[in-house]
1. Can you sort A:91, A:74 by 1.4 Å-probe accessible area, starting with the largest?
2. Output wanted: per-residue J couplings in Hz (rounded whole) for the range A:26-40, from phi through Karplus 6.51 cos²θ - 1.76 cosθ + 1.60, θ = phi - 60°, x for Gly and Pro.
3. Roughly how much of residue A:85 is accessible, in Å² to the nearest 10, using a 1.4 Å probe?
4. Measure off, as a whole percent, the carbon and sulfur share of the 1.4 Å-probe accessible area of the protein assembly as shown, all protein chains present.
5. As a test of reading the structure, rank B:79, A:95 by solvent-accessible area (1.4 Å probe, protein chains only), most first.
6. Quick one: among B:84, B:66, B:28, which has the greatest mean-square fluctuation in a GNM of chain B with alpha-carbon springs under 10 angstrom?
7. Using a Gaussian network model of chain B with C-alpha springs under 10 Å, which one of B:65, B:76, B:40 is most mobile by mean-square fluctuation?
8. Taking chain A as a Gaussian network, where each spring joins two C-alpha atoms under 10 Å apart, which residue of A:12, A:53, A:89 fluctuates the most?
Amino acid sequence: DAGVIQSPRHEVTEMGQEVTLRCKPISGHDYLFWYRQTMMRGLELLIYFNNNVPIDDSGMPEDRFSAKMPNASFSTLKIQPSEPRDSAVYFCASSPSSFLGTFGELFFGEGSRLTVL
Amino acid sequence: LAKTTQPISMDSYEGQEVNITCSHNNIATNDYITWYQQFPSQGPRFIIQGYKTKVTNEVASLFIPADRKSSTLSLPRVSLSDTAVYYCLVGGGFQKLVFGTGTRLLVSP
């Protein structure tokens, strides 16, 4: 399996521009997660989906952020308009269904490094 | 969600055993304990998961005492390539997973 695939790996944009990050989860995984990592705040969960349905978006910082999962093999995280404080590494992860009362292993992509000037 | 506390950093030398302890005093009955490893410029990678007593795999061992208020990740005979950040997570079911600040392990020659 190719693992979780994210694109782009690096993006540099100017403040005010729209940014779209993409993720292809591992086939057969029911859960998809978007995380953001910065030096100051560490690794933060933004939103997660189960069977393409958003379950918890309480981590989305503000209305400028939106995430969609139109089908089981694709998700996007969009920032519009972008701001310098959005600069971070954004990770997508997928996981199989919970079993035996626990959550399944998270498989992370390599991340998308976003720089907003 | 159970809050976790782990050391900010640890230093070791090649060939030594490293034990990283995580405190989780308010762990719930249905919570599992999971450890992840993260190398620079990569996403975290699952290492091991357990509920109680001891779990061992090809990479590490996880020791959990009877009261489950703490856990210890044991890395046998570390090498330079084990230099990474190690995260302890506690949760279960459909709860969202919270990565703390982790423990930065530096392995020197």
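1. On the way: A:91 5, A:74 70 Å².
The ordering from most to least exposed comes out as A:74, A:91.
2. Residue by residue, the range A:26-40 yields 5, 4, x, 7, 8, 10, 9, 10, 10, 10, 10, 10, 9, 5, 6 Hz.
3. It works out to around 150 Å².
4. Details: 5920 of 11290 Å².
After summing per-atom areas, the C and S share lands at 52 percent.
5. Largest accessible area first, the residues go B:79, A:95.
6. For chain B, modelled as a Gaussian network with Cα springs under 10 Å, the answer is B:66.
7. Of B:65, B:76, B:40, the Gaussian network model singles out B:40 as fluctuating most.
8. Result: A:12 has the largest fluctuation of those listed.
The values are calculated or read from the model by the stated rules, or taken from the named source; none is laboratory data. Treat the numbers as computed from the prediction; the structure is a model and nothing was measured. We place every Cβ from the backbone using ideal geometry, glycine too, and count neighbours over all the protein chains shown. SASA here: full protein model, heavy atoms, side chains in, ligands and nucleic acids out. Shrake-Rupley method; radii C 1.70, N 1.55, O 1.52, S 1.80 Å.
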